[in-house]
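One structure is given below, encoded as structure tokens.
The values are calculated or read from the model by the stated rules, or taken from the named source; none is laboratory data. On a predicted model such as this, the values are computed, not experimentally measured, just so you know. Because the Cβ atoms are built from the backbone with ideal geometry, glycine has one as well, and the counts that use them run over all protein chains shown.
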Amino acid sequence: MDALASLAHGFAVALTLQNLGLAFVGCFLGTIIGALPGLGPSNGVAILIPLAFTLGLPATPAIILLTSVYYGAMYGGRISSILLNIPGDEPALMTTLDGHPMARKGQAGEALALSGIASFVGSLLATCGLVFLAPLLVRVALLFGPAEYFALFTLAFATLGGVASRNQAKSLIAAALGLGIALIGVDHQTGVPRFTFGNVHLYDGINFLVAIVGLFAISEVLLFLEHRGEGEHAPGKVALGRVTVPLAMLKRTWATMLRATGVGFLAGVLPGAGASLGSFIAYTLEKGLAGKGAGFGAGEPRGVAAPEAGNNAAAGGALVPMLALGVPGSGTTAVLLAMLLALNITPGPLLFQRNPDVVWGLIAALFIANVMLLLMNLPLVGLFVRVLRIPTRYLMPGVAMISFVGIYGISGSTFDLLEMIVFGVAGYLLRKLDVPLVPIILGILLGDQMEKNLRRALTISDGDWSILWGSWLAIAIWTLAIVGFLAPLVIGRFVRPKVKDTVAQ
Amino acid sequence: MNKLAAACAASLLTALCASAPAVAFEPAATECIAPANPGGGWDFTCRQVGKTLYDLKIVPSPVQVTNLSGGGGGVAYSEVVAKRDSDNDLIVAASSATSTRLAQGAYPGMTMGQVRWIGSIGADYGVIAVAKDSPIKTLKELLDKVKADPSSVAFAGGSAVGGWDHLKVLIAAKADGIDDIRKVKYVAFEGGGEAVTQLLGGHVQAFTGDLSEAKEFSDSGDIRILAVLAPKRLPGDFARFPTAKEQGLDVVGANWRGFYAPGKMSDDAYAFWVEAVKKVYASDEWKGIMKSSGLMPLDLDGAAFTAFVKDQIDKTTAISKEIGLIK
């Protein structure tokens, strides 16, 4: 086993006091960054890049620090999803759907512990996958051309109706809003600006981080202002309970975790798909498998385990194309890639031969970080929760402040702040109208990619639409999409769920 | 003077302090705007040059790097023109993308004359490549195939349509005598890495990008670089790649990296910055950075650099009109 020998060498590189310390600091900061709404893994890593340079770290420790932050943020995102119903980062979006209802039922501790274990399973297996499958998976990724990507994104939308809402019409409206927003900006295939009104700030389109923070965090603040603290059920007051998982719950969810890990890992490996798609597909798959009436959306443990295992597995998967091809599989790996390049390490087909210390040291550090994160996130989760358990009337100004500072920190542009406020007001109104917010974000996130890939495919084929189902892989994805679209409609006729939509969906 | 500089830094009102009339220019709290997020090429330019400027003691304190992203550099450009027009302590990172967008009017209402162009610190030359199992061996062969049947070759590149990776192909096609360059098929991806992947997967037939993006894949034997768009063979390890010129196609495509400064910067300050960038370029530190980051020599400053940028803008304008991108 070549890979095992290399991995042993990697542990020798990673197990120095300095590297362990950096991994610990990275995990800790990452969890906080992930837990704070508005600060996602990609801007968390971006913010810490200057730190790594200031410390004058060589390549291996620097990349260990930053990937620990990355993994940490993936763990941390769930905390505010569950307790506050605000996704701490964009991949944790799906965790709000069942995590927060669990917390409101008084099972916050169980939800945190379960999602912590699911995160551990997801990222541990994904890191193993990274070790053994990297060379193989690079070849699978190559099968994906524009036509296959288009089919893949269609699959995501076809299954959308089943995800976030029981009111399909409102989901559809929300998705259409998201797709519309995704059209803003300079059209990549022709260079023509669309819906920018000559404003240069809109040329790059709408930054989905701005949209997420506005729709979720700012609208949360607005809702709070409306009720002015009258509700003592305010999210910050959710009782934590004991942070343990009943054995029965683990028994019920272990298969879910494994499936979600597989799906999430694959989604991560595909360049451009990323952790959000991983958690999204994992959740949809579990919801589909469980059938209606399983209580998804109302605090079903499987609905917590699936997206968390999925997004952590995707985080590991996204490292595969980044290391092996130099192609980032997600926004955060794009930032990591930039960091590697700045350190004079060029990821690509030759990286594994040229810089074995960096690659295997990094992979070993990921294993170590995972164990650290599990320890931090089970017995010590109370520490992070305390950050979020401040009474709502103190927390909300804090949420507003972090949102503003975080968004300003990304681009240094006041225009983004105005944009965020517009999204905040829109989010507030949409929540009043019971329109789910998740499909809007997915529309913004995926719509842009979907359009680009459709047009790329059509350019390649000179406008011949048959390229879209021109390969066995594309046909397979289309089949899944059609099944995924029709199945909920057919099954839904027989089993109508009785649970009402929660506001923040 | 030092006290004044410290006061400026402390009050963070550098713009105010800097606008005070300076006799012989002395830099105070200097700033470099990278018109993109951390991690990109512009960010790299600011950080590496800023670090070298401080290491060489050309500036008294570390250069502060500000990331001002948006509009493909347009947000930073209009900010400098509108609000920082007479800031003597400010430089802004730029590259071929800046001149391409200026030429195509992608910075609304902005022209190159509104800022002062300082100098270049190197260039990344364009390449055109095919997959290793492609039957095509030379750039000429590839372009002849395009000439015979434009739909038979799809070029993948990392920039938008009309962007630098696209223009390189069009310039080469024109040099080969292809009249209707609008027929040349170009597919835009997000960055060179993604475009190479599509070439490896066999979804497109050719790749257009920068040498730094393609070298690793050429070293591993996955792609064949048909031509590098440099005036002559590049030094060292890069010497094995044939130029377009030696294949009979007079095409040079350099993605330069450099700086511009606010338009009303004083002549003294402008002279200081031109000299500073020149010193950085000549230093051993910078030679090391160029080598490790794959930057190739391109040494232009002051008036020569301004003329170079103008020439690039004129050429880009002409070709963009031809493909109907601008009127």
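Go through region B:36-50 residue by residue and tally those that are closer than 25 Å to B:ASP267 by Cβ and within 11 Å of chain A (Cβ to nearest Cβ). Before the answer, list the steps.
Start the filter on region B:36-50 by keeping residues that are closer than 25 Å to B:ASP267 by Cβ, which leaves B:45-46, B:49-50.
Remaining after also requiring within 11 Å of chain A (Cβ to nearest Cβ): none.
Number satisfying all stated conditions: 0.
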**OP:** Report whether or not A:LYS452 is free of Cβ contacts under 8 Å to residues at least 40 places away in the same chain and either touching a Phe, Trp or Tyr at 6+ places or on another chain (Cβ under 9 Å) or over 27 Å from B:GLY202 (Cα atoms) (or both).
**Re:** no
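For B:ASP222, state whether it is surrounded by fewer than 22 Cβ atoms within 10 Å (Cβ to Cβ), of a type in the set (Asp, Glu) and out of contact with any strand residue (DSSP E or B) (no Cβ under 8 Å at 6 or more places or on another chain).
Numbers: surrounded by fewer than 22 Cβ atoms within 10 Å (Cβ to Cβ): yes; of a type in the set (Asp, Glu): yes; out of contact with any strand residue (DSSP E or B) (no Cβ under 8 Å at 6 or more places or on another chain): no.
No: the conditions fail for B:ASP222.
Residues checked against (1) surrounded by 19 or more Cβ atoms within 10 Å (Cβ to Cβ); (2) more than 26 Å from B:PRO150 (Cα to Cα); (3) acidic (Asp, Glu):
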site	(1), (2), (3)
B:VAL196	yes, no, no
B:HIS203	yes, no, no
B:ALA227	yes, no, no
B:GLN247	no, no, no
B:ASP250	no, no, yes
B:ALA271	no, yes, no
B:ALA282	no, yes, no
B:ILE289	yes, yes, no
Original post:
Here are some conditions: (1) of a type outside the set (D, E, K, R); (2) surrounded by fewer than 18 Cβ atoms within 10 Å (Cβ to Cβ); (3) in a helix (DSSP H, G or I). B:PRO231 meets all but one. Which one does it not meet?
Top reply: (3)
**OP:** Output the number of residues of region A:177-188 satisfying the condition of being more than 9 Å from every other protein chain (Cβ to nearest Cβ) and surrounded by 18 or more Cβ atoms within 10 Å (Cβ to Cβ).
**Re:** 7
Original post:
In region B:221-251, which residues are under 13 Å from B:LEU211 (Cβ atoms) and of a type in the set (A, V, I, L, M)?
Top reply: B:ILE223, B:ILE225, B:LEU226, B:ALA227, B:VAL228, B:LEU229, B:ALA230, B:LEU234, B:ALA239, B:ALA244
Original post:
Can you tell me how many residues in region B:209-256 are among the polar types (S, T, N, Q), in contact (Cβ under 8 Å) with a residue 24 or more places away in the chain and within 14 Å of chain A (Cβ to nearest Cβ)?
Top reply: 2
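If you take the residues of region A:401-418 that are over 22 Å from the mean Cα position of the chain (by Cα) and in a helix (DSSP H, G or I), which of them is modelled with the lowest pLDDT? Give the steps one after another, and end with the answer.
Taking region A:401-418 first, the residues over 22 Å from the mean Cα position of the chain (by Cα) are A:401, A:412-415, A:417-418.
When the remaining residues are screened for being in a helix (DSSP H, G or I), the result is A:401, A:414-415, A:417-418.
Details: A:MET401: 80, A:THR414: 86, A:PHE415: 89, A:LEU417: 91, A:LEU418: 93.
The residue in question is A:MET401.
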Original post:
If you check A:VAL499, A:VAL503, A:VAL435, which single one turns out to be more than 13 Å from chain B (Cβ to nearest Cβ), at pLDDT 80 or above and not in a helix (DSSP H, G or I)?
Top reply: A:VAL435
Subject >> Every residue from region A:189-204 that is facing chain B (nearest Cβ under 7 Å), surrounded by fewer than 20 Cβ atoms within 10 Å (Cβ to Cβ) and closer than 20 Å to A:MET450 by Cα >> reply: A:GLN189, A:THR190, A:ASP204
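Please return the ranges of helices (runs of 4 or more DSSP H) entirely within region B:51-161 where 2 or more residues are hydrophobic (A, V, I, L, M, F, W, C), within 14 Å of chain A (Cβ to nearest Cβ) and surrounded by 22 or more Cβ atoms within 10 Å (Cβ to Cβ).
Values: elements: B:74-83, B:96-103, B:139-148.
Correct list: B:74-83, B:96-103.
Looking at this structure, is B:PHE207 in a strand (DSSP E or B) and in contact with a strand residue (DSSP E or B) (Cβ under 6 Å, 6 or more places away or on another chain)?
Numbers: in a strand (DSSP E or B): yes; in contact with a strand residue (DSSP E or B) (Cβ under 6 Å, 6 or more places away or on another chain): yes.
The answer is yes for B:PHE207.
Against the definition (assigned to a helix (DSSP H, G or I) and touching a residue at least 60 places away in the same chain (Cβ under 8 Å)), how does B:ALA195 come out, yes or no?
Working: assigned to a helix (DSSP H, G or I): yes; touching a residue at least 60 places away in the same chain (Cβ under 8 Å): no.
It is false that B:ALA195 is assigned to a helix (DSSP H, G or I) and touching a residue at least 60 places away in the same chain (Cβ under 8 Å).
Which of the residues spanning region B:184-208 are within 7 Å of chain A (Cβ to nearest Cβ), of a type outside the set (Lys, Arg) and within 16 Å of B:VAL161 (Cβ to Cβ)? Outline the logic, then answer.
Step one: of region B:184-208, the residues within 7 Å of chain A (Cβ to nearest Cβ) are B:185, B:187-188, B:193-194, B:197-198, B:200-201, B:203-204.
Then keep just the ones that are of a type outside the set (Lys, Arg); that gives B:187-188, B:193-194, B:197-198, B:200-201, B:203-204.
Correct list: B:VAL187, B:ALA188, B:GLU194, B:GLN198, B:VAL204.
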Original post:
Counting only residues that are in a helix (DSSP H, G or I) and without any contact (Cβ under 8 Å) to a residue 60 or more places away in the chain, which one in region A:287-301 is nearest to A:ARG104 (Cα to Cα)?
Top reply: A:ALA290
**OP:** May I ask you to list the residues in region B:234-245 that are at pLDDT 90 or above, surrounded by fewer than 20 Cβ atoms within 10 Å (Cβ to Cβ) and part of a loop (DSSP other than H, G, I, E, B)?
**Re:** B:PRO242
